[in-house]
Amino acid sequence: MAEESLVKQGVAKGSALGGAVLLVTVGVLEILQGISAISKDDVTVVGPEYAYQFDLTSWGWIHLVLGVLVTAVGIMLFTGATWARVGAIIFCSLSILANFLWLPHSPWWSITIIALDVFVIWAVATWNPDVI
């Protein structure tokens with residue numbers, strides 16, 4: 001294999017392991033976001049009517065369950081298993097969707113989580129653990 005390809009895979013591996021750390025972090029943040037919404041904390045703002053209307057408690061449970069799943073997949077991603085990589089991409093995609101729909105409640109927080117999820121998807125998709 002060409003040296004340039006090995007360097008690219010080394011960067012991808014480092015990014016993917018960094019992505020695993022970020023995935024665990026995103027999962028924990030989603031869990032905290034869910035707990036905040038379930039408890040109807042003052043941090044969560046319920047704005048005007050919008051197209052994706054759910055009860056705040058429903059959103060809280062969605063974020064809590066998604067956070068637990070994302071955290072679990074993030075921990076498993078450290079093994080480099082194919083199913084963990086596929087699961088990371090799927091759950092990050094679901095997290096992007098959930099946070100897009102959560103934008104009216106907490107725009108900056110949602111945008112931050114979406115950006116972290118996009119980075120994790122990129123890192124996991126470019127890493128080939130069989131090369132290094």
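Among the residues of segment 1-40, those that are at pLDDT below 75 and either in contact with a Pro (Cβ under 7 Å, 6 or more places away or on another chain) or crowded, with 18+ Cβ neighbours inside 10 Å (or both) comprise GLN9, ALA12, LYS13, SER15, ALA16. State all residues of segment 83-125 that are free of Cβ contacts under 8 Å to residues at least 12 places away in the same chain, more than 29 Å from LEU56 (Cβ to Cβ) and open to solvent by 10 Å² or more (accessible area, probe 1.4 Å); if no residue qualifies, say none. Correct list: TRP83, VAL86.
The values are calculated or read from the model by the stated rules, or taken from the named source; none is laboratory data. A quick note: this is a predicted structure, and the numbers were derived from the prediction, not measured. Cβ sites come from the backbone with ideal geometry, for glycine too, and all protein chains shown count toward neighbours. We work out accessible area using only protein heavy atoms, side chains counted, and drop any ligands, DNA or RNA first. Shrake-Rupley method; radii C 1.70, N 1.55, O 1.52, S 1.80 Å.
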